[in-house]
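Asks: Can you read through this structure? Questions will come right after.
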Amino acid sequence: TTVKRLCALNNLTEKSIIGTWSYKQPGVKLTSSDTLSELAASAASSTIQSKLATYYTKVGIKAGACSFVFNEDGTFTSKFGQKSANGTYTFDATTYQLSLKYNSGLLNLGAIPAYAYMNGTNLQIVFPMDKLLTILTSLGSSIDSLSTITTLLKQYDSVKIGFEFSK
């Protein structure tokens, strides 16, 4: 299937996400059933990354101040600026599904569905747009301040935005 082929190309396993990942830049995954929109998605990603970087900085998400640590025992710690949280995670390499269950710290949000992809040697952790907005709001960002991006992203069937990390 297409998903299995993508996983082979992605080459991401549960073991490969273990470690300390430091924030590098916003992560964006856009897909559409419309071929023209799919081509435009590639061009739009860098524009969206640039706009997201501005909003992320406002809530403390920037290089050197944001990280994820995934442990072998299924626990994780995330840091966003001066705020940190921890919980447990599961990863399904066949679907890219990364389930983050926050259970302490600032982001006591319960389970948050995410997806993990490799972009070269970097790890992208992306979320459905509404879930990322929940995270950003809990960090102190206003949804109104993100309206430009949300308007732009509505043209895509599947919008996942988040973060890109390097080891």
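The values are calculated or read from the model by the stated rules, or taken from the named source; none is laboratory data. Values in this document were obtained by computation on a predicted structure and should not be read as measured data. Glycine gets a Cβ as well: all are built from the backbone with ideal geometry, and neighbour counts include every protein chain shown. With ligands, DNA and RNA removed, areas are computed over all heavy atoms of the protein, side chains included. Shrake-Rupley method; radii C 1.70, N 1.55, O 1.52, S 1.80 Å.
Asks: Does G60 meet the test of being open to solvent by 60 Å² or more (accessible area, probe 1.4 Å), at pLDDT 75 or above, out of contact with any helix residue (DSSP H, G or I) (no Cβ under 7 Å at 6 or more places or on another chain) and not in a strand (DSSP E or B)?
Replies: no
Asks: For the structure I just gave you, tell me whether K29 is modelled with pLDDT under 85 and buried (at least 16 other Cβ atoms within 10 Å of the Cβ).
Replies: When the stated conditions are applied, K29 passes them.
Per-residue answers, yes or no, for (1) surrounded by 17 or more Cβ atoms within 10 Å (Cβ to Cβ); (2) closer than 18 Å to Q25 by Cα; (3) among the hydroxyl-bearing types (S, T, Y); (4) modelled with pLDDT under 70:
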{"residue": "F80", "(1), (2), (3), (4)": "yes, yes, no, no"}
{"residue": "L123", "(1), (2), (3), (4)": "yes, yes, no, no"}
{"residue": "S147", "(1), (2), (3), (4)": "no, no, yes, yes"}
{"residue": "T151", "(1), (2), (3), (4)": "no, no, yes, yes"}
{"residue": "Q155", "(1), (2), (3), (4)": "no, no, no, yes"}
{"residue": "E164", "(1), (2), (3), (4)": "yes, yes, no, no"}
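Asks: Show the residue pairs that are 6+ apart or on different chains and have beta-carbon atoms under 7 Å apart, the first residue being within region 3-30 and closer than 18 Å to T75 by Cβ, the second being among the charged types (D, E, K, R) and modelled with pLDDT of 95 or more.
Replies: Correct list of pairs: I18/E72.
Asks: Now for a separate question. Looking only at region 95-112, which residues are modelled with pLDDT of 90 or more and on the phi < 0 side of the Ramachandran plot?
Replies: T95, Q97, L98, S99, L100, K101
Asks: Looking at region 33-50 only, could you name the residues that are modelled with pLDDT of 60 or more, open to solvent by less than 40 Å² (accessible area, probe 1.4 Å) and among the hydroxyl-bearing types (S, T, Y)?
Replies: S45 - this is the single residue of region 33-50 that is modelled with pLDDT of 60 or more, open to solvent by less than 40 Å² (accessible area, probe 1.4 Å) and among the hydroxyl-bearing types (S, T, Y).
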